[in-house]
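K.L.:
Before we start, here is the structure in question, set down as C-alpha cells.
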C-alpha cells in the first residue's frame, strides 16, 4: 500500500503563531493555493481527512470527497488552543518550555507529543496492506508523527521536522513495515 499525508492549507492562526483550534477556517492565501491545485493531485483508492474544519475545507478546495477520520485530528492543545504562542510563553513560560522539551508532557490539559505519535502510529498500523493508495488530509503534527513512526524514531524527534501548509509526506508499507519516502512541499504553478 501507499499512503500520502497532506498538510491542510494555511489558516490565519497558523500564520499568526496561534495554537490551532478544530473550527478554524482556511485563510485567503490557503484558498488561493487550493484553487491552483484543484484536480491536480492524482488518483486515490481512499481519501480521508481530519474532522477539523481546515482539513475538510482543504479537501473540498481540492475537489476531493474525504471521509472524516478522528485519528487524524491535530494535537489537543487544551487551554492553549486559540491562544498565541507568545501569550502562552508570557503567562506560562515554565509549562511551555517543559512541553517543548519533553514529548510525554501535556501540562496545558491537552495531548502530549507522545500521545499524538501513538495515536497516529496505531492508525497507520491498522490500515490494511491491501488498501491501495490512500490520501489523508491532516495537520503538520500528524505528518511529523507519521514520519517518526515510519522511521521508528523516538517521539521527541517530531519536534525537529518542519512541515509547511500543503506539505506532503509519502509512505509505503509492505509485509508490515512502513517506509518513509519523502517530505515535499506542493509546487504551485503560476
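Just so it is clear, none of the values below were taken in a lab; they were calculated from the coordinates. Fair warning: this is a prediction, and the values are worked out from it, not measured in the lab. Ideal geometry is used to build each Cβ from the backbone, glycine not excepted, and the neighbour counts take in all protein chains shown.
K.L.:
Once each part is reduced to its C-alpha centroid, what is the distance from region 30-54 to region 91-137 in angstrom?
P.N.:
What the calculation gives is 22 Å, centre to centre.
K.L.:
Please give, to one decimal in nm, the separation of the simple spin-label points placed at residue 29 and residue 164, each 7 Å out from Cα toward the Cβ.
P.N.:
Computed distance between label sites residue 29 and residue 164 equals 1.0 nm.
K.L.:
Return the calculated 222 nm mean residue ellipticity for the chain, to the nearest 500 deg cm²/dmol, obtained by summing -39500 (n - 2.57) across DSSP H runs with n ≥ 4 and dividing by the residue count. Mind dumping the intermediate values first?
P.N.:
On the way: 7 runs with 66 residues, N = 190.
Rounded to the nearest 500, it is -10000 deg cm²/dmol.
K.L.:
When only Cα pairs under 8 Å and 6 or more residues apart are kept, what is the percent relative contact order across the chain? Walk me through the numbers on the way to the answer.
P.N.:
On the way: 380 pairs, mean separation 57.4, N = 190.
This gives 30 percent for the chain.
K.L.:
Still on this model: Using alpha carbon centroids, what distance separates region 55-86 and region 5-26, in Å?
P.N.:
Result: 7 Å between the Cα centres.
K.L.:
Once the Cα gyration tensor of region 1-66 is found, what semi-axes does its equivalent ellipsoid get, as square roots of 5 times the eigenvalues, in whole Å, sorted largest first?
P.N.:
Numbers: eigenvalues 90, 37, 18 Å².
Over the Cα atoms of region 1-66, the ellipsoid semi-axes are 21, 14, 9 Å.
K.L.:
Hey, another quick one. In whole Å, what are the extents of the chain along the principal axes defined by its C-alpha atoms, from largest to smallest?
P.N.:
In descending order, the Cα extents are 47, 40, 26 Å.
K.L.:
Okay, moving on. Three principal axis extents, largest first, for the C-alpha atoms of region 52-141, in Å?
P.N.:
Cα extents, longest axis first: 46, 28, 15 Å.
K.L.:
Right, next: Take the alpha carbon atoms of region 26-105, find their radius of gyration, then divide it by 2.2 N^0.38 Å using N residues; give the quotient. Please list the in-between numbers first.
P.N.:
Values: Rg = 16.8 Å, N = 80, 2.2 N^0.38 = 11.6 Å.
After normalising by residue count via 2.2 N^0.38 Å, the value is 1.44.
K.L.:
I would also like to ask the following. Hey, what does the equivalent ellipsoid look like for region 97-190, semi-axes from the Cα gyration tensor as sqrt of 5 times each eigenvalue, largest first, whole Å? Don't skip to the end; give the middle numbers.
P.N.:
Details: eigenvalues 109, 65, 25 Å².
Equivalent ellipsoid semi-axes, largest first: 23, 18, 11 Å.
K.L.:
Run the quick spin-label model on residue 97 and residue 15: label points 7 Å from Cα toward the beta carbon, then report their separation in nm to one decimal.
P.N.:
Between residue 97 and residue 15, the label points sit 3.3 nm apart.
K.L.:
Something else: Under a 10 Å cutoff between Cα atoms, tell me which one of 141, 81, 49 has the largest fluctuation in the Gaussian network model of the chain.
P.N.:
Largest GNM mean-square fluctuation: 81.
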